[in-house]
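**Q** So that we are looking at the same thing, I have put the structure below in C-alpha cells.
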Amino acid sequence: MEGKLSRAAKKLTSSPIQELSHLAQRCNAINLAEGFPDFPAPLHIKNAAVSAINSDLNQYRHVQGICEHLAKIVKEMHGLDIDSETDVAICCGQTEAFAAAIFATIDPGDEVILFDPSYETYQGCVTMAGGVPIHVPLDPPQWTLDPRKLLTSITERTKAIILNSPHNPTGKVFTKDELETIAGACCSRNCLAITDEVYEHITYDNQKHISLASFPGMQERTIITSSLSKTFSVTGWRIGWAIAPASIASAIRNIHIIVTDSAPAPFQEAALTALRSPPEYFESLRRDYQSKRDYIIKLLAGVGFKIQFIPQGSFFLFAELPEDCPLSDVEFVKKLILEAGVVAVPGQGFFHTNLSTNETSSASCNYQKRYIRFAFCKSETTLAAVSEKLGKLLDVEGKLALY
C-alpha cells in the first residue's frame, strides 16, 4: 500500500532520536537523548491543572487570559506591543504552532532558509508544505553565522527564514550582530521570519534572549512560536502559541482549529498560573540548569570529549567525539547504549547534505559525523548515575574504552 502514500508522507522518516530511545528502553539505558526533564514539574502548576480538571474544565476551550498574559510578557521582555485579541494563537505545543505557521505562509516551491545544524521538525514541516529547505551552515566550533553565506542563499524565491535561538542542538544564543544581519536580510529581501523561542528563559552566564521581532521593521514580518514545555517542565501538556501580525495569527488559528480544535483545556487553565510565576522562578530555573550544564561539561570533558563550545542557552550540550576516536557519531552512540547503558543523539541527524554553499566539499563536512547531543535536563540523581556508568568504562588513561 506504499503506493497510496502522498509525496509528502514518503519524504518523512521516523526520527533517529525516537529509534535510539526505543533501543535505550530495551537496554534499560539512561536517556540523555530526548529533551524532556525526568524531575517533577513545579507543584503549584500541577495543582492548578488538577484543580481545573476537578472543576470540570475538560471540554473544548479557549482561555483568552493566556493571550493577555503573553501580551504583557512580550512587552516587558522585548518592548513589543501586540493585540491579545488578534495577534496570538494558542496551539497544541510549539510544534503545532510552528507547523501551522509554515502551512499558513509557505506555498509549493517557496524557499525557506534554515541554519544548520537544525532541529529536524523544521525541515519536515517545510517539506510537507511543498516548500524547499535551504540550509545555511553555521561555522563550527563556535557555530557562528557567516553573513555572506546567508545573503548568497537568498533568492527571489525565498519566502522565510527560520531562527531557533537559544539553539537546539548546539546551545548557541545568536548574537546581536547576527540577529541584525538576519533582520536586515528579511527587511531588504522582503522575507518573513519564523522563530522558535522555546528556550527563551533558559540562558546562561548573564546571556539575555533577544527576540528577532524586536528589531526595527521586524515585528510586522515575524511569527514567534513558543510554549510552556521547556520553561515549566511540562513537555507532555502541549500548550504552545504563535504571536504574529493579525492576518497571519488568524490563519494559524484557523489551521489549528481544523487540525486539533483546541489545546488541552485544563492545561490551558494551568498555563495561567505558570505565566504568572514571579521573577524568582525564572532566576531559579536558569541557576539550576546552569549547574547541570557545568556538571555535564566537566563529566564529558573528563572522559575525553572535546568541548569547544560552552552552551549559552537551552539544555543541550553538543559534544565533539575524542580526537583519536575512529568511530562515527552513530557507531559511538550505539556502543554507548550497549556498553555504558547511556543514550544520546548522533549529531548527523541535525545536519543536512544539501548545503546551500557551492564551496562545501565532502571533506569539509566531516565534522557532521563528529558530534553527539546530550540533554542535561535531568535530575542530579540521573546525572550522577551517568557519571558512575561512564566511570566503569574508563581505561588506564581515564578515557572511555569504547573504541
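The values are calculated or read from the model by the stated rules, or taken from the named source; none is laboratory data. Here the structure is a predicted model, which is why all the values come from computation and not from measurement. Note that each Cβ is placed from the backbone with ideal geometry, even for glycine, and that neighbours are counted across all protein chains shown. Accessible surface is based on the protein model in full, side chains and every heavy atom, while ligands, DNA and RNA are left aside. Shrake-Rupley method; radii C 1.70, N 1.55, O 1.52, S 1.80 Å.
**Q** Return the only residue of Ser188, Ser227 being assigned by the TED database to the domain that holds Asp107 and within 23 Å of Cys91 (Cα to Cα).
**A** Answer to the check: Ser227.
**Q** Out of all the residues in segment 94-102, is one or more of a type in the set (D, E, K, R) and surrounded by 18 or more Cβ atoms within 10 Å (Cβ to Cβ)?
**A** yes
**Q** Hey, another quick one. Out of all the residues in segment 216-227, is one or more open to solvent by 10 Å² or more (accessible area, probe 1.4 Å), modelled with pLDDT of 95 or more and among the small types (Gly, Ala, Ser)?
**A** The answer is yes; a qualifying residue exists.
**Q** A further question follows. If you go through segment 248-284, how many residues are assigned to a helix (DSSP H, G or I) and either in contact with a Leu (Cβ under 9 Å, 6 or more places away or on another chain) or among the polar types (S, T, N, Q) (or both)?
**A** Of the residues in that region, 14 qualify.
**Q** Report yes if Leu163 is within 21 Å of Cys125 (Cα to Cα), crowded, with 19+ Cβ neighbours inside 10 Å and either within 21 Å of the chain's Cα centre (by Cα) or of a type in the set (D, E, K, R) (or both), otherwise no.
**A** Taking the combined requirement at face value, the residue satisfies it.
**Q** Cβ-Cβ distance below 9 Å, separation of 6 or more or different chains: which pairs start in segment 52-71 with a residue that is in contact (Cβ under 8 Å) with a residue 12 or more places away in the chain and end on one that is among the aromatic types (Phe, Trp, Tyr) and open to solvent by less than 100 Å² (accessible area, probe 1.4 Å)?
**A** Listed by first residue and then by second, the contacts come to Ala52/Phe267; Ile66/Trp241; Cys67/Trp241; Leu70/Trp241.
**Q** Could you list all residues from segment 227-256 that are among the hydroxyl-bearing types (Ser, Thr, Tyr) and free of Cβ contacts under 8 Å to residues at least 60 places away in the same chain?
**A** Scanning segment 227-256 gives Thr231, Ser247.
**Q** Could you tell me whether Phe318 is more than 19 Å from Leu138 (Cα to Cα), in contact with a strand residue (DSSP E or B) (Cβ under 9 Å, 6 or more places away or on another chain) and at pLDDT 90 or above?
**A** no
**Q** If Glu34 satisfies every condition in (1) under 19 Å from the mean Cα position of the chain (by Cα); (2) in the same structural domain as Leu228 (by the TED database); (3) over 22 Å from Ala265 (Cβ atoms) but one, which is the exception?
**A** (2)
**Q** Could you look through segment 290-304, keep only residues that are open to solvent by less than 20 Å² (accessible area, probe 1.4 Å) and part of a helix (DSSP H, G or I), and pick out the one that is nearest to Ala49 (Cα to Cα)?
**A** Looking at the filtered set, the residue picked out is Arg293.
**Q** Would you say Phe318 is part of a strand (DSSP E or B), touching a Ser or Thr at 6+ places or on another chain (Cβ under 9 Å) and open to solvent by less than 30 Å² (accessible area, probe 1.4 Å)?
**A** For Phe318, the condition - part of a strand (DSSP E or B), touching a Ser or Thr at 6+ places or on another chain (Cβ under 9 Å) and open to solvent by less than 30 Å² (accessible area, probe 1.4 Å) - is met.
**Q** Where in segment 1-95 are the helices (runs of 4 or more DSSP H), entirely inside, with at least 2 residues that are acidic (Asp, Glu)?
**A** The qualifying helices (runs of 4 or more DSSP H) are 64-78.
**Q** For segment 252-269, what are the residues that are surrounded by fewer than 20 Cβ atoms within 10 Å (Cβ to Cβ) and in contact with an Asp or Glu (Cβ under 8 Å, 6 or more places away or on another chain)?
**A** Val259, Thr260
**Q** Would you check if there is a residue in segment 148-159 being more than 30 Å from Arg7 (Cβ to Cβ) and either of a type in the set (Ser, Thr, Tyr) or in a loop (DSSP other than H, G, I, E, B) (or both)?
**A** no
**Q** Considering only segment 166-211, how many residues are in contact with a Lys or Arg (Cβ under 8 Å, 6 or more places away or on another chain), assigned to a helix (DSSP H, G or I) and open to solvent by less than 10 Å² (accessible area, probe 1.4 Å)?
**A** Counting residues in segment 166-211 that are in contact with a Lys or Arg (Cβ under 8 Å, 6 or more places away or on another chain), assigned to a helix (DSSP H, G or I) and open to solvent by less than 10 Å² (accessible area, probe 1.4 Å) gives 1.
**Q** Going by what's in this entry, would Arg287 be described as surrounded by fewer than 21 Cβ atoms within 10 Å (Cβ to Cβ), in a helix (DSSP H, G or I) and charged (D, E, K, R)?
**A** yes
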